[in-house]
Amino acid sequence: MGFIDLSIVLQRFCQVLEKAIAKPKVPRYFFALTRCRNLQPNTTKMKKVILFLVAIFIANSAFSQSDSTNDLTPKWIPIVAAQMQGSKWYYRSDAVSQNEDGVKIWVKNDRDVLEWYGKKYKHVSREDLTIMDCSRRRMFILTTIIYNSKGSAVASHMDTKDTGKWLDVVPDTISEAILNIACKEFTK
C-alpha cells in the first residue's frame, strides 16, 4: 500500500461536501468549506482546512459516544440472583470507595410497593449507600433515598457510625448476593 496524497483526499472530500451543501438542513459550519475547490496542495489554506476537518472529526467523536458501549459512566447493573416478583435489585458499576471498613457501594431496589418508617410507597426506587465489610461479612447502610416513579426524592434517611449499627449478612439473602459482588468486583 502506497503513500496517500492528502491533497487528493481533500479534493475528493470537497466534491462530496459541495453535493451535501446543496441539500437542505446541512449544518452551518459546512458553508465555511464551500471555497475548498480552489485549494492547492501544500498551501497554508489547505493546512487550515485539514485542521478544521480534524477538529470537526474530534468534536463529533466526543459527542457521539454518549450511548456507546465504551461509555465509562457508571451504570446500574442487575443482580440476577436477587430478582423477585415486584422487586428488582441493582448495584452501581463503580465502587464509591474502599477503606479499612470495607467497600462503599450504591445499591438500588425498584419496588412495586415499599413500606418504610410506617409509610407505604408505590412504584418507587430505593437507593442505599452501603458499606460492605468483606472480612466480617457485615453491612452498614449510610444513606437511603426513596425516589418516586418520576425520579423525585420523596424520603431519605442518613446514619453515621455513631447513630447506626452494623448488620450481619444472612446467608442465601439479597444482602449476601450484594456482599459477594462488592467483595469480588471492588476489593483490591
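For the structure I just gave you, tell me whether R111 is of a type in the set (K, R), in the same structural domain as Y90 (by TED's automatic domain parsing) and in contact with a helix residue (DSSP H, G or I) (Cβ under 7 Å, 6 or more places away or on another chain). It is false that R111 is of a type in the set (K, R), in the same structural domain as Y90 (by TED's automatic domain parsing) and in contact with a helix residue (DSSP H, G or I) (Cβ under 7 Å, 6 or more places away or on another chain). Scanning region 155-188 for residues that are assigned to a strand (DSSP E or B) and more than 23 Å from D112 (Cβ to Cβ) returns M158, L167, D168.
A quick yes/no check of all residues on (1) modelled with pLDDT of 95 or more; (2) in contact with an Asp or Glu (Cβ under 8 Å, 6 or more places away or on another chain); (3) hydroxyl-bearing (S, T, Y):
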| position | (1), (2), (3) |
| --- | --- |
| A95 | no, yes, no |
| N99 | no, no, no |
| Y117 | no, no, yes |
| T160 | no, no, yes |
| G164 | no, no, no |
| C183 | no, no, no |
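Looking at region 87-107, can you tell me whether even one residue there is in contact with a Gly (Cβ under 8 Å, 6 or more places away or on another chain) and free of Cβ contacts under 8 Å to residues at least 40 places away in the same chain? Looking for residues that are in contact with a Gly (Cβ under 8 Å, 6 or more places away or on another chain) and free of Cβ contacts under 8 Å to residues at least 40 places away in the same chain, one finds none in region 87-107, hence no. Taking region 58-90 only, how many residues are modelled with pLDDT of 60 or more, within 13 Å of the chain's Cα centre (by Cα) and surrounded by 10 or more Cβ atoms within 10 Å (Cβ to Cβ)? Selection size over region 58-90: 4.
Residues in region 124-136: is at least one charged (D, E, K, R), surrounded by 18 or more Cβ atoms within 10 Å (Cβ to Cβ), more than 19 Å from S87 (Cβ to Cβ) and without any contact (Cβ under 8 Å) to a residue 60 or more places away in the chain? The answer is yes, given that some residue of region 124-136 is charged (D, E, K, R), surrounded by 18 or more Cβ atoms within 10 Å (Cβ to Cβ), more than 19 Å from S87 (Cβ to Cβ) and without any contact (Cβ under 8 Å) to a residue 60 or more places away in the chain.
May I ask you to list the residues in region 168-188 that are touching a residue at least 24 places away in the same chain (Cβ under 8 Å) and exposed (fewer than 13 other Cβ atoms within 10 Å of the Cβ)? Selection gives D168, K188.
The values are calculated or read from the model by the stated rules, or taken from the named source; none is laboratory data. Please read all numbers here as calculations on a predicted model, not as lab measurements. Counting neighbours? That spans all protein chains shown, and the Cβs are built from the backbone with ideal geometry, glycine included.
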